Amino acid sequence: MKNWMKAIENRRSYYSINDKSPISDKEIKELIDFAVLHVPSAFNSQTARVVLLLNDHHKKLWNIVKEALRSHVPAEAFHETEAKIDNTFGAGHGTVLFFEDESVVEGLQKAFPSYSQNFPVWSQHTSAMHQFAIWTLLEANGFGASLQHYNPLIDAEVAKAWNINSKWKLVAQMPFGTPVNEPGPKEFQPLENRSIVFE
Ligand SMILES: Cc1cc2nc3c(=O)[nH]c(=O)nc-3n(C[C@H](O)[C@H](O)[C@H](O)COP(=O)(O)O)c2cc1C
């Protein structure tokens with residue numbers, strides 16, 4: 001229990017990371033599989049799809065991001081964007097891609113019309129639970145990770161590069177690696193405004 005609370009507390013957004021890994025790639029895959037098996041989903045729909053990119057695949061993703069940003073950033077500022085990606089996310093050991101399978105969501109909407117509006121929302125909740133579990137498991141195993149949202153800018157290129165099912169919708173990207181330095185102190189808004197008990 002204490003370890004679980006420590007892992008939650010220590011999980012931060014680590015931008016400064018390198019490509020070293022405190023555990024084997026097989027163990028990283030096992031952590032992800034553990035989360036995919038045990039994290040809950042609405043109606044036990046198991047809509048989450050997770051892709052782990054390592055080595056050249058990780059590098060390829062961050063090249064896709066850079067190319068996607070090239071047309072959105074003024075030409076004279078692009079070298080700064082490129083350096084930022086190369087020195088942060090791209091410098092990591094790997095990236096976890098989080099997708100949600102829209103074919104399952106659509107199936108549930110058809111099967112349970114009265115909940116139709118809820119299923120896309122619950123699908124996002126399900127993805128968020130997977131993101132948090134994997135972020136925290138990476139933390140507990142010595143990694144630093146962050147959560148990025150270059151979707152939908154990169155969706156088409158990602159689908160093409162890894163032959164992703166067209167019904168899988170990209171929700172988030174989580175680059176991770178060994179922390180190079182620690183994030184600054186975290187600011188907390190007053191707990192009494194955010195957590196209430198009636199007893
Ligand atoms: C739903 C959600 C979306 C986020 N999106 C991004 C993002 O797109 N880019 C980013 O750098 N951080 C993103 N973050 C990270 C937050 O900015 C960060 O968790 C927050 O400032 C608290 O800092 P900490 O992670 O160091 O505890 C996101 C976090 C959450 C929970």
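With the requirement that a residue be open to solvent by 40 Å² or more (accessible area, probe 1.4 Å), within 13 Å of the ligand (Cβ to nearest atom) and closer than 20 Å to Ser21 by Cα, what does the range 133-158 give you? If the condition is that a residue be open to solvent by 40 Å² or more (accessible area, probe 1.4 Å), within 13 Å of the ligand (Cβ to nearest atom) and closer than 20 Å to Ser21 by Cα, then Leu147 is the only one that fits. When the range 122-131 is filtered for residues that are within 14 Å of the ligand (Cβ to nearest atom), open to solvent by 40 Å² or more (accessible area, probe 1.4 Å) and either over 16 Å from the mean Cα position of the chain (by Cα) or touching a residue at least 40 places away in the same chain (Cβ under 8 Å) (or both), the ones remaining, listed by number, are Gln124, His125, Met129.
Residue by residue, here is whether (1) within 15 Å of the chain's Cα centre (by Cα); (2) without any contact (Cβ under 8 Å) to a residue 12 or more places away in the chain; (3) open to solvent by 20 Å² or more (accessible area, probe 1.4 Å) holds:
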| position | (1), (2), (3) |
| --- | --- |
| Met5 | no, yes, yes |
| Arg11 | yes, no, yes |
| Tyr14 | yes, no, no |
| Pro22 | no, no, yes |
| Leu37 | no, yes, yes |
| His72 | no, no, yes |
| Phe78 | no, yes, no |
| Thr81 | no, no, yes |
| Leu97 | yes, no, no |
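Residues that are within 25 Å of Asn163 (Cβ to Cβ), at least 3 per element: which helices (runs of 4 or more DSSP H) completely within the range 15-110 meet that? Counting at least 3 such residues, we get 25-38, 56-70.
The values are calculated or read from the model by the stated rules, or taken from the named source; none is laboratory data. None of these values were measured; they are calculated from a predicted model. No Cβ is skipped: glycine too gets one built from the backbone with ideal geometry, and neighbour counts run over all protein chains shown. Just the protein is used for accessible areas: all its heavy atoms, side chains included, with ligands, DNA and RNA removed. Shrake-Rupley method; radii C 1.70, N 1.55, O 1.52, S 1.80 Å.
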